[in-house]
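Quick note: the coordinates plus some simple rules give every number you see, no bench work behind them. If you're wondering where the values come from, they're calculated on a predicted model, not measured in any experiment. Every residue, glycine among them, receives a Cβ derived from its backbone with ideal geometry; neighbour counts consider all protein chains shown.
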Amino acid sequence: PVIFLLSRGADPTEAVEALAKKKKIPPPAVISLGEGQDIIAKRQLELAAKEGTWVLLQNCELMLALMDEVCFLN
């Protein structure tokens, strides 16, 4: 599943990490998108899909092409 958190002026990272801790799962891989981070993000997404873990992508507006790719993965 993919969940989008749109939070103008707020950073949901602590809340997502707290939820992971409450659920007793590993904390999410947190990636702040920008130049060159698309490769790292893709690698983390593939790993998370295999292992059932979470990835938190920040600043998604900087990599709209990656967002299109992620949203339409089969």
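When region 3-39 is filtered for residues that are loosely packed, with under 15 Cβ neighbours inside 10 Å and either in contact with a Lys or Arg (Cβ under 6 Å, 6 or more places away or on another chain) or within 20 Å of residue 72 (Cβ to Cβ) (or both), the ones remaining, listed by number, are 3, 4, 5, 6, 39.
Residue-level check: of (1) hydrophobic (A, V, I, L, M, F, W, C); (2) without any contact (Cβ under 8 Å) to a residue 60 or more places away in the chain; (3) out of contact with any Asp or Glu (no Cβ under 8 Å at 6 or more places or on another chain); (4) surrounded by 13 or more Cβ atoms within 10 Å (Cβ to Cβ), residue 66 misses just (3).
Taking the criterion of being exposed (fewer than 15 other Cβ atoms within 10 Å of the Cβ) and part of a helix (DSSP H, G or I), the residues of region 43-61 that qualify are 43, 46, 47, 49, 50, 51, 61.
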